[in-house]
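Notes for the one structure printed next.
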Amino acid sequence: MNVFDRWSGLFWLGISIFVCIKSIQVGVGTFRSPGSGFLPFWAGGVFGLLALILVVSTLVSRKQAVKGISLWKEVQWPKVLLVLASLYLYALFLQKIGYLPMTFALMLLLFGLTEGTKWWLRFLSSLITVSASYLVFHVLLEVQLPKGIVPF
């Protein structure tokens, strides 16, 4: 663990405390009658607990960070830019083309960025992901998804 982990843990601990305070101001409610601040309060509490664990672990740990290594050295920028561009295009064409074909294409691209996987496995993973999300959101939760060129 290094000093950057400690500072990031303290930062997120502060954010979680802020979220909890604002949630209390909005009204947390009870388990039987939750208020609008109920979910943010508990999410902020769990997040704060995780941040506190990170801070304490950096204080207890005797390991020191290797100096001179950049956090950004290993980043594969072409892949990052490809993901950002694909997410932008997904949002841009989602209404026109539809949820099923656009999400399938996005998943196929994202699974394709993982090296060492076979094409049929990427295709199958994309198909399962899109089918499962369609089943959960459209069929079970009855969320209206953009139809676009797909008639159903």
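What follows draws every value from the coordinates through simple rules; no lab data is involved. Since the model is a prediction, treat every value here as computed from it, not as a measurement. Cβ placement follows ideal geometry from the backbone for every residue including glycine, while neighbour counts extend to all protein chains displayed.
Here the contact order of the stretch 77-140, divided by its residue count and restricted to Cα pairs under 8 Å and six or more residues apart, works out to 29 percent. A quarter of the convex hull surface defined by the alpha-carbon atoms of the chain gives 13.9 nm² as the mean projection. For the stretch 3-60, the average shadow cast by the Cα convex hull is 3.7 nm², which is a quarter of the hull's surface. Here the chain is treated with +1 on each Lys and Arg Cβ and -1 on each Asp and Glu Cβ, and its dipole about the Cα centre works out to around 280 debye.
Mean separation of Cα pairs under 8 Å and 6 or more residues apart, divided by the residue count, gives the stretch 17-151 a relative contact order of 19 percent.
Directionally averaged projected area (the stretch 77-140, Cα convex hull): 4.6 nm².
Adding -39500 (n - 2.57) for every DSSP H run of four residues or longer, then dividing by how many residues the chain holds, sets the calculated 222 nm ellipticity at -22000 deg cm²/dmol. Within a straight-line Cα-Cα reach of under 13 Å, LYS79 can be paired with the following aspartates and glutamates, leaving aside sequence neighbours fewer than 8 residues apart in one chain: GLU115.
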